[in-house]
1. Only one residue in 168, 175, 155 is farther than 22 Å from residue 63 by Cα and at pLDDT 55 or above. Which one?
2. Which residues, taken from the stretch 142-163, are assigned to a loop (DSSP other than H, G, I, E, B), surrounded by 14 or more Cβ atoms within 10 Å (Cβ to Cβ) and of a type in the set (A, V, I, L, M)?
3. What is the residue count in the stretch 136-160 for residues that are in contact with a Lys or Arg (Cβ under 7 Å, 6 or more places away or on another chain) and within 11 Å of residue 123 (Cβ to Cβ)?
4. Filter the stretch 178-190 down to the residues that are outside any loop (DSSP other than H, G, I, E, B) and either at pLDDT below 90 or not hydrophobic (A, V, I, L, M, F, W, C) (or both), then identify the one that is farthest from residue 112 (Cα to Cα).
Amino acid sequence: MNSTAGPVEPRGAVERQHQYWRIRNARTHALQALLPAGRAWHIAPGHPGGAYSDIGTGPVAIGRHLPTLLTRDVDDRRQEIYRGGCLGCAWEGRELGGRGWREGVNQAVEDAHDHAFPGWRSLPMLDLRTVASPPRAERLWRSIAANYPSGWADAGAPLLCTRPGADALHLPPSARYPRYRLFIKKPPHHGTTTTTRAEPDRLF
């Protein structure tokens with residue numbers, strides 16, 4: 001009996017990323033032939049756990065749920081599909097992509113936040129249309145974080161911002177912004193956190 005089954009892929013963002021780097025850094029073409037690196041699920045560059053590794057290892061699992069974004073190529077044209085992932089466990093979200101890739105990315109990121117921070121959609125929102133620059137004021141952040149569930153701000157819960165455009169992509173954490181910035185359609189006025197153009201010097 002001739003079997004053409006490929007290698008069994010691991011589950012979970014951390015284990016998938018280890019597998020991805022084993023394929024990328026393989027010393028022979030055998031592993032690449034079985035499963036090209038781009039076809040393996042891996043953490044999207046720029047998202048938590050997706051840093052470049054030239055030693056063939058991925059991130060270390062952490063002791064709490066933390067959202068990230070998984071992706072892989074589905075054809076030779078590098079069309080990608082996406083799913084939410086977690087750096088604290090083996091949870092993985094539904095596969096998304098196809099026609100509106102931006103929508104697929106955002107939905108996958110939101111799925112990961114549903115897993116890590118259930119109820120995040122009720123967090124206070126920053127209205128970007130009322131500020132002169134990005135939300136960088138320590139005072140403003142403290143006022144927003146005070147309304148988060150206990151421990152969420154320190155655990156990396158997202159900052160919700162009004163969507164600057166219909167095709168805005170959610171932004172992953174960075175050195176300057178250590179949490180996802182999720183761009184959401186503005187809700188009714190109540191519960192929205194804002195600042196004004198009179199306070200640009202308070203933005204960090």
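1. 168 is the lone residue from the list that is farther than 22 Å from residue 63 by Cα and at pLDDT 55 or above.
2. The answer is 153, 155, 157.
3. 3
4. Result: 184.
Okay, residues lined up against (1) surrounded by fewer than 17 Cβ atoms within 10 Å (Cβ to Cβ); (2) modelled with pLDDT under 65; (3) more than 17 Å from residue 172 (Cα to Cα):
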{"position": "21", "(1), (2), (3)": "no, no, yes"}
{"position": "36", "(1), (2), (3)": "yes, no, yes"}
{"position": "42", "(1), (2), (3)": "no, no, no"}
{"position": "45", "(1), (2), (3)": "yes, no, no"}
{"position": "51", "(1), (2), (3)": "yes, no, no"}
{"position": "73", "(1), (2), (3)": "yes, no, yes"}
{"position": "84", "(1), (2), (3)": "no, no, no"}
{"position": "91", "(1), (2), (3)": "no, no, yes"}
{"position": "102", "(1), (2), (3)": "yes, no, no"}
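The values are calculated or read from the model by the stated rules, or taken from the named source; none is laboratory data. These figures come from a predicted structure and were not determined experimentally. A quick note on method: Cβ atoms are made from the backbone with ideal geometry, for glycine too, and the neighbour counts reach across all protein chains shown.
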